[in-house]
Amino acid sequence: MKFPCLAPTQLFANWFFNLKTLAISGLAFLALMTFFTGCCTDSNTSVGTLPKGWVLIPAKGKSFQMGQEFPGRRWTYTFPAHLVSFTYNFAVAATQVTQSQYQEVTGRNPTKHPGDEQRPIDNVSWFDAVLYCNALSQHDGLHPVYTYSQVVKNSTNNEIAGLPDLAIDIKQNGYRLLTSAEYEYLVRAGTTTAWFFGDSNADQNLATNFAWCNRNARDKTTHPVGQLKPNQFGVYDITGNLWMWCNDWYDGPYPATAQVDPIGPASGQERIARGGAFKNDVNHERSGYHWQWPPTTHNFEVGFRIARTVE
């Protein structure tokens, strides 16, 4: 597979900002230029050494029960429970993408929670997250997971409105969002309880050890990443602080049959996000829970973390 080829100047004109009016760092410029000029590179699935701050998630050959219905709390479809298996391992950044990291690659920081650039990036659409992943992949010499023919902008606000002909190949070695199944496997970390830290209503008090939620984020804002305890896989803020965009479309209930390497529905109107945010109660941070927004959404409670497939 090859990444769709457009003239670098055409792609450049469709990016987040105008270089004539915004000075960006050398790394941001390099990342963007390698993204534009490297779009015709042949793909492969080789992987290099994982960067510092990443966690290898042993999923290959493993199965888990995905989904859980919560009686009396059917806010979204998180059921039926079904068996999910993986034929590959994956790696994930131990922390959510920070404002500093996002600005280093894109040259901008659209956060609604200023004051500390080690807070997770928020107010970015699903499309913004995808373009960040591709730019970072090209900068690191990896092969993009996301392919598309062009970047379509909204003429009113200049935000990204669509990526026509979008295809997602998670078997490439570049950076990407987690699938919804990967996220639930990651947050559960071998547990089968409502939360990875407990199962009863009394256990909700334990949430503040791991997650920024309405019980401890009294200032009603995000907090710098990695300040609380990680889950059993060693991943920080896997619940709380911000919702995290996932790759999958949302399309109602899960399939009832066993799934292997699921990537979600082929189409939809909204993309799934997981984990809950600083303003949510602990019920939103249950391991099986998710919410969903249109991919154009910019929200002060939604960010993302990045992952890679490791064969």
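Laboratory data are not the source of any read-out in this text; all were calculated from the coordinates shown. None of these values were measured; they are calculated from a predicted model. For neighbour counting, all protein chains shown are included, and Cβ atoms are generated from backbone atoms with ideal geometry for every residue, glycine included.
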Given a cut-off of 19 Å, name the pairs among K52/K220; K112/K220; K112/K153 whose C-alpha atoms lie farther apart than that in the structure shown.
K52/K220; K112/K153
When the Debye formula is applied to the Cα atoms of the range 94-237, each taken as the same point scatterer, what base-10 log of I(q)/I(0) results at q = 0.11, 0.15 Å⁻¹?
-0.53, -0.94
Whole percent per 5 Å bin, from 0 to the bin with the longest distance: what is P(r) over all C-alpha pairs of the range 182-303?
2, 12, 21, 23, 19, 13, 8, 2, 0
At R0 = 30 Å, how high is the FRET efficiency between Q269 and L83 if r is their beta carbon distance? Nearest 0.05 is fine.
0.65
